[in-house]
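What follows is a single structure, written as structure tokens, with notes after it.
The values are calculated or read from the model by the stated rules, or taken from the named source; none is laboratory data. The model shown is predicted, which means the values in this text are computed figures rather than measured ones. Here the Cβ positions follow ideal geometry from the backbone for every residue, glycine too, while neighbour counts run over all protein chains shown. Protein only, heavy atoms only, side chains kept; ligands, DNA and RNA dropped before computing areas. Shrake-Rupley method; radii C 1.70, N 1.55, O 1.52, S 1.80 Å.
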Amino acid sequence: MEYTVHKLAQIAGLTPRTLRWYDKIGLLHPARVSEGGYRLYSDVEVDRLQEILLYRDMGIPLKEISSMLSQNPEQRQQKLNEHLLYLQQEHKRLEKLIQTVEHTLQSTQGGYQMNIKEKFEGFKKEKLAENEHNYGEEIRAKYDSKIVESSNNAWLNLKQDEYQEMKDIEEQILSSLEQAVRNHADPCSSIGTEIYKLHQKWLNFTLKDYTNEVHISLAEMYVSDPRFTAYYDRNVKGCAVFLQDVIIANTKQKVNENNLIL
């Protein structure tokens, strides 16, 4: 029996977009593509999808699931043990988040009064959970899980003054982008270089494993993912593309300058 994207998505409780994404990243290819261009899946792919969803529900990143499916049973066992340790640590984090939410509810009902530090810590945890829900799957498929976890930990360890500085820089970036696009600026112009440096500084608050490659990869995602594009283009269309061009142009220029110094 064969299933179309829409039929398989319906059976598995997914969206067709998710199955197309799995195909794109090499996690689940269709058995064949019809002459009309439709992806068709057999029972073999259905079984593989069930295993993928099992690992995904356990919280294992898609990139790691892909490698696990090609491993022998002993290697899978080792990977599952490693992930169990991660889940135990995550369980402790969620317990703290639950406590924060309970305190928040008590505070709104006139009971326990949260101090400023507790409110800020609760905000960071709620924001992280929201980002994981909205973007976690794509981010973990694109980047090494260690980079993602390092970034999440850096976010949770932000102090209030660091968070405020990060937000101020973000507003500067958005304002400068809109001004540059309105004025048809060149990505290599002074304003382009300023945006590049601001964006790099903004990333370094949470991205402790910064590399030129990661920076460019993020820039490309701002354009390829409509959710990020909509964020940057919310007032002036073209800001996401301009930011991508700025990051690519200035990163290449920085690499060339470093090569000349060497």
Volume in Å³ per residue [convex hull over Cα atoms, computed for the range 117-167]: 76
In whole Å, what three semi-axes, largest first, describe the equivalent ellipsoid of the range 1-89 built from its Cα gyration tensor (square root of 5 times each eigenvalue)? 27, 13, 10
Calculated Rg and Dmax of the range 108-221 using C-alpha coordinates, Å: 16.8, 56
Sorted from largest down, give the three principal axis spans of the alpha carbons of the range 51-104, whole angstrom values. 46, 18, 14
Given a Förster distance of 22 angstrom, what is the FRET efficiency for Ser70 paired with Val33, based on the Cβ-Cβ distance and rounded to 0.05? 0.45
Which order do peptides 194-203, 160-169 fall in by mean Cβ count within 10 Å, highest first? 194-203, 160-169
As a test of the definition: which semi-axes, in Å, follow for the range 32-172 when you take the square root of five times each eigenvalue of its alpha carbon gyration tensor? Largest first, please. 37, 19, 16
Lys201 to Ser42: FRET efficiency via 1/(1 + (r/R0)^6), r the Cβ-Cβ distance, R0 45 Å, to the nearest 0.05? 0.35
Calculate, in nm to one decimal, what Ile25 and Leu105 gain on full extension: separation in residues at 0.36 nm each, minus their alpha carbon distance. 24.6 nm
When the accessible area of the chain is split by element with a 1.4 Å probe, what percent falls to carbon and sulfur? 52
State the dimensionless ratio Rg/Rh of the range 17-56 (Rg: radius of gyration of Cα atoms; Rh: Kirkwood radius). 0.98
Given the rule -39500 (n - 2.57) for each run of at least 4 DSSP H residues, summed and divided by the residues of the chain, what is its mean residue ellipticity at 222 nm, to the nearest 500 deg cm²/dmol? -24500 deg cm²/dmol
Each label point is 7 Å from the Cα along the Cα-to-Cβ direction; what then is the distance between the points at Cys188 and Ile216, in nm? 1.6
Within the range 18-45: backbone nitrogen closer than 15 Å to the Glu137 label point (7 Å, Cα to C-beta): 18-29
Could you derive backbone 3J(HN,Hα) for the range 130-144 from the dihedral phi with the Karplus parameters 6.51, -1.76 and 1.60 (θ = phi - 60°), listing whole Hz in sequence and x where the residue is Gly or Pro? 5, 5, 4, 5, 7, 10, x, 5, 5, 5, 6, 6, 8, 10, 4
Gain upon complete extension [Gln50, Lys127; 0.36 nm per residue less C-alpha separation]: 24.7 nm
Linear extension gain, Val236 paired with Gln253, 0.36 nm per residue minus alpha-carbon span: 3.5 nm
How big is the chain by the Kirkwood estimate over distinct Cα pairs, in Å? 21.5
